[in-house]
1. Would you calculate the separation in nanometres between label points at Thr37 and Trp166, each defined as 7 Å from the Cα along the Cα-to-beta-carbon direction?
2. Can you list the HN-Hα couplings for region 44-55, worked out from phi with the Karplus curve (6.51, -1.76, 1.60; θ = phi - 60°), rounded to whole Hz and with x for Gly and Pro?
3. Between Gln323, Gln223, Gln273, find the one with the highest GNM mean-square fluctuation for the chain; connect C-alpha pairs within less than 10 Å.
4. Going through region 292-326, which GluC sites (Glu not before Pro) have at most 15 other Cβ atoms within 10 Å and a DSSP loop state?
5. Hey, fewest Cβ within 10 Å first, where do Lys299, Lys163 land in order?
6. Describe numerically, in nm with one decimal, the distance between label points set 7 Å from Cα along Cα→Cβ at Asp14 and at Gln273.
7. Mind sorting His254, His160 by how few other Cβ atoms lie within 10 Å of their own Cβ, fewest first?
8. Order these by the 10 Å Cβ neighbour count, fewest first: Trp51, Trp155, Trp100.
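Just so it is clear, none of the values below were taken in a lab; they were calculated from the coordinates. These figures come from a predicted structure and were not determined experimentally. Cβ sites come from the backbone with ideal geometry, for glycine too, and all protein chains shown count toward neighbours.
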Amino acid sequence: MLLTQKFHSLNEIDPEFIPAIEQLMHEHCVDFAAWKTLEKETPADETFNYWLFFGPTQNSPVGIAQVAFKKLNTDQYLPWWKKISGVFDKNLSKWKLARWQLCDGADGSALFDQRFARTGKEKLNELFKELEARDDVMAMSITTPHAISPYRPQWLEIPHENKAQWLALVPLERKSRDYQYYLSALPAEDGKTIRDSWKKLHKDSQVIIGDFPTIESRSELYQSCSETDKAALEKFKGGLLTFQKGNQLLGVIHYQEGQQGTFFIEPMPFEAQGEEIVGDNLYVQYGILKAHEISQVRKIIVCRQGRPLRLENNGEAQFFRQQGFLTIDVYDIGWSRSDYIK
């Protein structure tokens, strides 16, 4: 039987629990501070509950779950006659969507130490039931990497039920001792495409690549690329891999080392679409190359806007598969207890 402790903000969590949380969340965030930043950047109409799970003999958490409460804009859903009568119904202003999704990731609603996976899911179902009983929760969704949700609300009526599918990128497992072995392990045509891209970059385009591991080390970059938006780059606290031609900065890859051998990379091309000198694949490849230079790296995670990448279409998925990544189907399964909320 697992015990739980609930928090309304990451700022409320006891510092002694942070190391264990960072271990559980190692494929989602570089560290706990990065997760707190994501919470801080959340829109004002969205709030959270977090649960830590403890075993009967454990003093540190063995699981974590998150639900986001988003205020529903009833003006968007209700018919005109209901809006008029709603002026006198104060409950309408409290309607919320409860979204069970941990840090916008693909793992679903919670993460558990594998030793507590079964009992963790049972305890999580109890939390689902507790939440669905609230009068203000008029809709609920659960993110799951399985086509069938492990839970369905027990409301008397569920007028609307829906399922949305999306693709997530699986962290790239480092299986090779160096970058050349990684390339040789790819399908021959894919490996050749990458090698040709590097050759074209160096010989034809004469682009210079750079590596600035700290904020303090970037002074040379700012001097040589005087038109660079220094303020925009200062928010990236990790290292920067750069592509430079002459005094122009063509793009960067922000990289950070996380927990348990994770390596986070976020490609950021600056060139105008259709006029690129640096191919999109090299923004990923330079990050993979850097990861192979760090002995402790075991997994490579691609990010977009500070979060693990959510793929936008099959073309994007194919682009990453050609570089050795795997993808996974993820489902957002939702229910509404109101005729008006679809």
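1. Each label point lies 7 Å from its Cα, and together they span 2.1 nm.
2. Values per residue, Gly and Pro as x: 5, 8, 10, 10, 10, 10, 10, 10, 9, 10, 10, x Hz.
3. Gln273
4. Filter output for region 292-326: Glu293, Glu312.
5. Lys163, Lys299
6. 5.0 nm
7. So the residues, fewest neighbours to most, are His160, His254.
8. So the ranking, lowest neighbour count to highest, is Trp155, Trp51, Trp100.
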